[in-house]
């Protein structure tokens, strides 16, 4: 890690350290920055931001990742203007263009978080007590908001040209062909999409998941190959459905990790996504109903109706 890349990590890690009220000397701060980057950021992301004036971008990505991983959806709404301001900067540089694709597909989360905030009843304020959180809209109302958000949306550029072969792959892997539309939610059908955490391709596969299903990462990263990405994504979805016996939970596990979902189900003695949704990361709370709304828009089916 060179000096500029380390500086970017310091910019990210230092606020987190202060939030934990840690008193760090420089050596400890450097170690904290490196550790945080290893756990939360893909190395190529830090390198890419190092090619441009990345201070504001780095702070934004630190903040959006923190909020996506928290369990409080409404906090995402305040990032909308910043995200739209930064997108052209990301898109203008070859090194950061894949991250602009990732971010542009997630602008919906920020917009829908604002719609949830508007729909949530104002909290009851009692003198002398902390202001409570707003109560999120009920799951059925959340799904209605998502359906409205995608109801008039055209399919992404490039989707039509890929649908036939991607559906054939899903069919061969015994996964519902409608689930190829996860590629719209994950990457807008752009195989170049890359997340700051290192997920890549149409179906945003992390390195460990890709290797689990036989994809090579070197010397050629097969996650960028649409057909190989679809094969791995379909197999992973089918395995998750076999484990959880429920498509909303399988899709939640695809996003949040199956261990996280299983832990919440066990702790809550729950059997459905709606029963655990508010304890899941904010991204997953938004991801599952967005997938459901997208399937309804493209195929007139819902997650619950898939077999």
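Readers should treat all values here as calculations from the given coordinates under stated rules, not as data from a laboratory. The structure displayed is predicted, hence computed values, not measured ones. Cβ atoms come from the backbone with ideal geometry, glycine included; neighbour counts cover every protein chain shown.
Rounded to 0.05, the FRET efficiency of the residue 274 and residue 56 pair, given R0 = 35 Å and the Cβ-Cβ distance, is 0.40. The alpha carbon centroids of the stretch 119-184 and the stretch 287-307 are separated by 8 Å. Prolate is the label for the stretch 56-102, because a/c, from the alpha-carbon gyration tensor with a ≥ b ≥ c as root eigenvalues, is 1.5 or above and a/b exceeds b/c.
When the Cα convex hull of the stretch 139-305 is projected onto planes of every orientation, the mean area is 9.4 nm². The residue 144 and residue 95 beta-carbon pair, evaluated with R₀ = 35 Å, returns a calculated FRET efficiency of approximately 0.30. Here the spin labels are modelled as points 7 Å beyond Cα on the Cα-Cβ line, and at residue 120 and residue 216 they lie 4.8 nm apart.
Show me the ranking of peptides 212-219, 109-116, 295-302, 86-93 by mean Cβ neighbours inside 10 Å, starting with the highest.
Final packing ranking: 109-116, 295-302, 86-93, 212-219.
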